[in-house]
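As structure tokens, the structure follows; a few thoughts come after it.
Rule-based calculations on the coordinates, nothing more; no lab input. Because the structure is predicted, anything quoted here is derived from the model rather than measured. Backbone-built Cβ (ideal geometry, glycine too); neighbour counts: all protein chains shown.
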Amino acid sequence: MTQTELHRAVRIILTCARRVHEILGPGFEAPVYQEALYLELESTPLTFTRDHALP
């Protein structure tokens, strides 16, 4: 992944996260935000794995 591609991906992710925050606001449990972010990211050209375990 080039720097340009990385910056584009980060912009998309941040835009989705901001949209979720604007729509839902504070006060929900984490799974609500996770589902909302998942749904937002599905509408983007990014390829991602949901709930990927970290080493």
Report task. State which residue pairs qualify: first residue free of Cβ contacts under 8 Å to residues at least 40 places away in the same chain and inside segment 4-15, second residue assigned to a helix (DSSP H, G or I) in any location, beta carbons under 9 Å apart, and separation of 6 or more residues or different chains. Result -> ILE12/LEU41; ILE13/LEU37; ILE13/LEU41; THR15/GLU40
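Okay, residues lined up against (1) hydroxyl-bearing (Ser, Thr, Tyr); (2) part of a loop (DSSP other than H, G, I, E, B):
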{"position": "MET1", "(1), (2)": "no, yes"}
{"position": "THR4", "(1), (2)": "yes, no"}
{"position": "ARG8", "(1), (2)": "no, no"}
{"position": "ALA17", "(1), (2)": "no, no"}
{"position": "GLU35", "(1), (2)": "no, no"}
